[in-house]
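First up is the structure itself, then whatever we jot down about it.
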Amino acid sequence: MAEYPFLPAPALFIVLSGPSGAGKSTLMRRFLERNPGVDRCLSVTTRAPRGEERDGVDYHFVSDAEFTRRRENNEFLEWAQVFGRHGYATPRAGVVASLNAGRSVIKDVDVQGGAQIRASFPAAVQVFVVPSSRAEIERRLRTRATDTEAQIARRLAEADAELAQWRAYDHLILSDELEAAALDLDAIVRAERLRISRAGPAPASPSSPSP
Ligand code: ADP
Ligand code: 5GP
């Protein structure tokens with residue numbers, strides 16, 4: 001008996017974007033715990049490690065000169081100067097390697113990076129992540145206790161402008177309660193994997209239908 005010619009959807013590039021302090025990296029970590037078959041793509045950044053952060057685990061920490069060299073060498077899928085100071089970028093090679101190996105890959109980027117990925121990689125699953133109030137973003141930035149007051153004020157001012165972009169994304173997750181947000185992200189990824197437009201190419205139609 002012939003098998004039906006349905007081809008599974010290829011691997012997904014899942015992008016979490018939203019203001020700083022929204023909970024993107026927390027949600028991404030939770031998603032990776034629940035989905036060990038999905039790869040994480042580490043960012044390259046010129047900022048210094050915070051607290052317990054380690055090179056190669058949280059970020060690839062590089063000098064300004066190294067960041068510029070790699071940017072000019074076209075090694076980044078997207079890059080942004082976040083808060084006017086530090087460079088952050090998604091290395092193209094990491095994403096391509098995962099997708100070519102048939103593995104989905106997840107990445108958090110700021111809203112500028114989200115816009116670049118939308119333009120250069122429209123097949124990416126674009127998710128906007130945000131808590132339902134500004135006060136909660138502020139509370140999170142304070143409890144994270146990694147930024148000075150001036151940095152928090154800057155991040156909140158940027159957040160107001162970034163929030164205006166939410167309708168440009170495919171999906172919205174309100175990151176108020178972590179487990180509920182993680183369930184929402186699982187549901188989005190499951191549904192995207194089932195999209196017929198993502199399935200492999202249809203085989204040529206047979207010239208005469210089988211009896
Ligand atoms: P982002 O990656 O968007 O900048 P983080 O994931 O670093 O944000 O989260 C900012 C702070 O908020 C951290 O201290 C984190 O523990 C906390 N946080 C993240 N998600 C939630 C949540 N759903 N509920 C409560 N606190 C959260
Ligand atoms: P943080 O300094 O708090 O780790 O990150 C600051 C902001 O940069 C966050 O909104 C984070 O999501 C974003 N960011 C992290 N990695 C990248 C990246 O590779 N590209 C872009 N455009 N933004 C990133």
Exercise. Between LEU42 and ALA191, 0.36 nm times their residue separation minus their Cα-Cα distance comes to what?
Worked result: 51.1 nm
For this session: Check each of the chymotrypsin sites (Phe, Trp or Tyr not before Pro) in the range 1-40 and keep only those in coil by DSSP with at most 14 other C-beta atoms within 10 angstrom; list them in order.
Result: PHE6
For this session: Give a quick list of GluC sites (Glu not before Pro) in the range 32-122 that DSSP marks as loop, anything other than H, G, I, E or B, with at most 12 other Cβ atoms within 10 Å.
Result: GLU52
Exercise. Which FRET efficiency, nearest 0.05, do THR148 and GLU66 yield, Cβ-Cβ r, R0 35 Å?
Worked result: 0.85
For this session: Just add up the charged neighbours of ARG71: K/R +1, D/E -1, any other residue whose Cβ is under 15 Å from the Cβ of ARG71.
Result: -2
For this session: Assign unit charges at the C-beta atoms only (+1 for Lys and Arg, -1 for Asp and Glu), then state the dipole size of the range 13-192 relative to its Cα centre in Debye, rounded to the nearest 20.
Result: 180
Problem set entry | Cut-off 18 Å, label 7 Å out along Cα→Cβ of ALA157, residues of the range 21-48 by amide N | 21
Exercise. For THR45, THR146, THR90, THR26, what's the fewest-to-most ordering of other Cβ within 10 Å of each Cβ?
Worked result: THR146, THR26, THR45, THR90
For this session: Just add up the charged neighbours of VAL95: K/R +1, D/E -1, any other residue whose Cβ is under 12 Å from the Cβ of VAL95.
Result: +1
Exercise. Near the amide H of LEU12, under 5 Å away, which other amide H atoms are found, from residues 5 or more places off or on another chain, if H is placed in the peptide plane?
Worked result: SER104, VAL105
Seminar exercise, completed: With ALA191 itself left out, Lys, Arg at +1 and Asp, Glu at -1 over residues whose Cβ is under 12 Å from its Cβ give 0
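Read-outs: derived from the displayed coordinates by stated rules, not from any lab. Just so you know, these numbers come straight off a predicted model, no measurement behind them. In this analysis, Cβ positions are derived from the backbone assuming ideal geometry, glycine residues included, and neighbour counts consider all displayed protein chains.
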